[in-house]
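Taking it in order: structure first as structure tokens, then the write-up.
The values are calculated or read from the model by the stated rules, or taken from the named source; none is laboratory data. Source: prediction; values computed, not measured. For neighbour counting, all protein chains shown are included, and Cβ atoms are generated from backbone atoms with ideal geometry for every residue, glycine included. Calculation scope for accessible area: heavy atoms of the full protein, side chains included, ligands and nucleic acids excluded. Shrake-Rupley method; radii C 1.70, N 1.55, O 1.52, S 1.80 Å.
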Amino acid sequence: MITLTLKEPPSVPLEAEVLSPDVTAELSNDAIRALPVYLGKRQRRVDDFFDVDGASSDQITIHGDASRVKWIGRAMTRGRIRVDGNAGMHLGAYMSGGAIDVSGNASDWVGAEMSGGAIRIGGNAGGQIGAAYRGSNTGMRDGTILVGGGAGLEVGMRMKRGIIAIGGPVRDFAGLQMKGGTIVLGSGAELRTGAWMMRGTIISLRQLPLMPTFLYAATYVPGFLRIYSAYLERLGFTLPCSEQQGAYQRYTGDTSVPGKGEILIWAPRGA
Amino acid sequence: MRASRVIITAASEAWARTAATSMTGFATSVIGCKVEAGIEAVLAAAETPDGRPGASVLVFAFKAEGLATRLVERVGQTVLTCPTTACFDGLPDAADRVQVGSVLRHFGDKLQSSKFLDGRRYWRVPVMEGEFLVEEAFGTQPAIGGGNLLILAKDQAAALAAAEASVDAMRQVRGVILPFPSGIVRAGSKVGAKRYKNMTASTNEAYCPTVRRRLGVASELPEAVNSVLEIVVDGVDRQAIEDAMRVGLDAACRPGVVQISAGNYGGKLGKHLFKLHDLLN
Amino acid sequence: MLRITGGKVYDPANGIDGVIKDIYIDGGRIVAPADEGPGAEARGAKAARAIDARGMLVFPGGVDVHTHVAGGALNFARGLVPENQRAARKFLHTKDRRAGLGGMTPTTFATGYLYAGMGWTTVNEAAVPVLTAKHTHEELHDTPIVDKSALLLMANNEMVLDLLEAGEVERARHVVAWHIWAAKVYGVKAVNPGGVAAWKWGKNANALHETFEGYSTLTPAKIIADLAHIVDQLQLPHPLHLHCNNLGVPGNVATTVETMKVLEGRRAHLAHLQFHAYGGDGWSNMRSEAAAVADAFNRHTNLTCDAGAVLFGDAVTITADGPWQHLLYQLTGRKWGNLDVENETGCGIVPYVYKDRSLVNAVQWAVGLELMLLITDPWRVFLTTDHPNGGCFWRYPEIVQLLMDVEFRKEQVRRLPEAAQQRIVLGDLDRQYSLFEIAIITSAGPARALGMSNKGHLGVGADADVAIYPEQPDKDGFLFSYPRYVLKGGEIVVEEGDVIGGSEGREFIVRPEYDAAIEAYIRPLFQQAYTISFDNYPVELERLRHPEQVNLPSTPA
């Protein structure tokens, strides 16, 4: 286990893609301390900002308010990172394996363009979760992202596969230009959910405003949801799927594209 | 011989059984039916991928391509058509896969969609009742067909009672099916024919009581035997067949049963030999 | 005083073909040898530094006669492809170097470093609209090391076209001259004459001798002839620089050859000729007609051209040829950006990938090389890729390799799809360029065509822009990729393969003669049609930090 304790939050953002299990797996303590991080445009050392314990491990724990520390877990393929505190932008971007757990909040671009692995955020996250970077055709290609709190804009933008589940409220443009995969909105979302959606599934456990280009189809409990419910239950996220409790209203869209996606809105029985 | 396992779930056990029974009909022998299939077990809701009551079906065929075609035919005609069912792969760890859902999806006439989760793809075919969920690919593995028991009894009633008891016991074993109607074969066969040309199989005269003294018949039957019934068992591996045959052998030891044997076929039908005495040890 | 000793010098303008001789530099220029002539002892005493160039090749610094590196269109392109910027080579700032991004649309500082890093020291920005010229000058200023010139887009300027249709060529000449000085540029560019004006109506100008949307008698041929005439009358150092009609279209060989006829009796430079040398009549039977184009070109000795060669890989097409870019967008179905520049011109941006499996792209790749091999006079055909349209300028060394090594070239041809090999002649061409000829097409020739008498050679009085290469390529196998030394204006800017900063280059501009009264003609038309105030339109000379005005025979005192 490698433990990094932030001495104090940096004055400007710190670019710290070196904080990844792939990098630290074979390094000595001295080598980890000497890894380069960028404070703005200046190159510095990890131990200018962190106390470093441990060596040669793909298990990393970070203590402290790292909300200005960017790129933690970038492109990681293995191992585990635990952040006991907050994390900065681009957490787990491009990752393809391993796991990241953040007890506090995260910022924008969590899991951007990831292709595997799992990220869990206890608190809130920012926008562009699992999304494509600007100009890029495709966002998340696989993997699982769970956020206990709320999230910002463009969650799952241009994602192709994988699953994002957000417990708290989500802002505009969730599932923008979605190509596939699944987004679960535990507390609904604000405006323009599913805009330009091509394929994929957005599941909302609360009613949410829909664009006029999403057309109501039917109310039922889709069979596949039970599979997803079992999967998410194992991760501590509850997705109702029993006919006794209610059913889902299916909306087809985004017909303006025209897309073959769907928004499923939970309608509890008796409500 | 290759096998696949198909898990059928439905809104109730009854509907799962209905689909499974229909799917495994006319599947007694690969020779005449192209496939051998049967219900392996009824599954509790907690045991199935979607948490609903279900049944697992085993399907056996000579080659993987044949198996694929049969699965598509049978799931397409009997499971897809049955209300409330969903259909999942029961051999997810098998390296060899055959395409089932990816063929059946075309029934959706391009209105179908798929979901991919945790390494498995599921097709959602829009149907009148709602959606039919079927997994894209099913695992196949090498398997063994034609394990058998021959129950030699004093009379038909005794043979039947013993065979029924045997079948009840064998049905509790996982990994096996008994492809014949109710698991029992009244007309066991031998390979080819002696007196006709061009026959694949003919009556197993060595065990037919009424022709015991005919010229040219080398009977295997002890004097006291007047009726013989056969139980055929297919299994996913040797262990499963041995387990089934052991409990079947035991359950068949009833009054009126003179001897319990097993067909050898001179070693012509396959490399696996199950010696009954070995099962007793 | 700086001496380059023992190198093998290639100076085609002065007839030097691989002669081992010393080069003397002082005050930013090539000077006579220290041990000859008056004051020799004094000069010898001042010889502060010697560069040991034994075992190396000494070339005049490269001159890129047609590239797109600065200004509104470039910046629009940079914004359209952020994914390219993420993948681009990163230049981190150092004590001597500013930060930048390489890739297909390099940022300004990176552009200077990439050119200099290859041994190129002069760059001609091929397309500037007056309306956004201030932006171009800002970006050119921020392009370090290299000297620059820029060409003004005139062939779709409606004020000019209206005059040409009315037969008022004389007045048009004053208008053009006024615009050249207003924009503070070096020459005139014509892109798809008439076509970009027609594009404002969603149309194009595909027929040289037919009129186009918005006009009733004016033809592209007349625009070409009249503009060439005007440029000659103004005695600009560089002739009319022409991007012909029907760029990229199968069968456009006819337009190109006809254009050459229209230009008879005039000077002209045909831009990126590769895109204009196709046969067939559709994408399915498109083939190379480089032989026909080269043949016509060889006979028309009044013309120069640049290759506009294509390299397989990613590119970003940036051109004023709006209608062509819309067509390309429809072919690719990916991104497209289109800009309208009020009364002057337009711009289209389409990211594109040249694939060696594509029959069309394979033909394009071959045509550029075929032209350079079939055009007999290296003084009239110059090495370019129409950066970033055909490929990135920092891949020029790959083209040099293909020209110099016939076995390597034929091997690349054999890798093309069989069907493509049937449509080109490249596999049958055995010509190999010598280093002398390479020095012509990358430096001496373009410098002469641009009318820059102090560039492209190493004779006494020339600007001390020198590129020194190892005789054998060391890193990725391309000669020219990693010069050992590059000097710009006598200053060492690249040493041992490292760009070590360097000063800001100069911008060459001209002030052609025009009647001041023409402003009274332009102003009311301008105010009526443009969105900005006329007084804000011209570029103030003070905006250029290092202008170098080149005197014309007619330049007013």
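Numbers at a glance
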quantity	calculated
Note, ³J(HN,Hα) from phi for segment C:249-255, Karplus 6.51, -1.76, 1.60, rounded to Hz, x at Gly and Pro	8, x, x, 6, 3, 4, 4
At R0 = 30 Å, FRET efficiency that the Cβ-Cβ distance of C:ALA292 and C:SER453 yields, to 0.05	0.30
Given charges at Cβ of Lys, Arg, Asp, Glu: the protein assembly as shown dipole, positive-most of B:GLY183, C:ALA32, A:THR193	B:GLY183
Accessible surface buried upon A-C contact (total; probe 1.4 Å; Å², nearest 100)	500 Å²
Relative contact order computed over segment C:105-174 (Cα-Cα under 8 Å; 6+ residues apart), in percent	35 percent
Estimated inter-spin distance, C:GLN233 and C:GLN432, nm [label 7 Å along Cα→Cβ]	5.1 nm
Surface share of carbon and sulfur [accessible, 1.4 angstrom probe, percent] for the protein assembly as shown	50 percent
Cross-link partners of B:LYS154 among aspartates and glutamates (Cα-Cα below 17 Å; sequence separation of 8 or more within a chain)	B:GLU164, B:GLU220, B:GLU223, B:GLU230
C:HIS546 - accessible surface, heavy atoms, 1.4 Å probe, Å² rounded to 10	70 Å²
Expected 222 nm ellipticity per residue - DSSP helices of 4 or more, -39500 (n - 2.57), all of the protein assembly as shown, to 500	-6500 deg cm²/dmol
Interface burial for A against B (accessible surface, 1.4 Å probe, total of both chains, Å², rounded to 100)	1400 Å²
Rounded FRET efficiency, nearest 0.05, which uses the C-beta distance separating C:THR376 from C:LEU331 and R0 of 30 Å	0.30
Equivalent-ellipsoid semi-axes of segment C:282-390, from the Cα gyration tensor, Å, largest first	26, 18, 12
Angstrom value of the Kirkwood radius, inverse mean 1/r, which spans all Cα pairs in chain C	23.6 Å
Approximate spin-label separation C:ASP96-C:PHE408, in nm, with each point projected 7 Å along Cα-to-Cβ	2.8 nm
R0 of 56 Å, Cβ-Cβ distance B:GLN239-A:VAL12: FRET efficiency to nearest 0.05	0.30
Distance between modelled label sites at C:SER503 and C:LYS203, nm, 7 Å Cα→Cβ extension	5.3 nm
Amide H within-cut-off set for A:ARG80, under 5 Å, with H built and near neighbours excluded	A:GLN59, A:ILE60, A:ALA99
Rg/Rh ratio calculated on Cα atoms of segment A:108-268 (Kirkwood radius)	0.93
Dipole in debye (nearest 20) - segment C:60-499, about Cα centre, beta carbon charges: Lys, Arg +1; Asp, Glu -1	540 debye
Hydrodynamic radius by Kirkwood, which averages 1/r over all alpha carbon pairs of the protein assembly as shown, in angstrom	35.5 Å
Spatially proximal lysines relative to B:LYS194 (Cα-Cα < 16 Å; intrachain offsets below 8 disregarded)	B:LYS268
Whichever lysines have a C-alpha closer than 30 Å to that of C:LYS203, once near sequence neighbours (fewer than 8 apart) are set aside	C:LYS134, C:LYS189, C:LYS222, C:LYS261, C:LYS335, C:LYS355
Using θ = phi - 60° and Karplus 6.51 cos²θ - 1.76 cosθ + 1.60, couplings along segment C:134-142 (whole Hz; Gly, Pro as x)	4, 4, 4, 5, 4, 6, 5, 4, 7
Calculated Rg and Dmax of segment B:195-256 using C-alpha coordinates, Å	15.5, 41
Pairs of Lys in chain A closer than 30 Å at Cα, counting only those 8 or more apart or on different chains	8
Per residue accessible area in Å² of the protein assembly as shown, where ligands, DNA and RNA are left out and the probe is 1.4 Å	39 Å²
Size descriptor, Kirkwood hydrodynamic radius, that averages inverse alpha-carbon separations across segment C:185-256, Å	12.7 Å
Sequence-distant residues sharing a close amide H with B:ASN226 (under 5 Å, placed H)	B:ALA153, B:LYS154, B:ASP155
Nonlocal amide H pairs with B:GLN259, under 5 Å, H built at 1.01 Å	B:LEU152
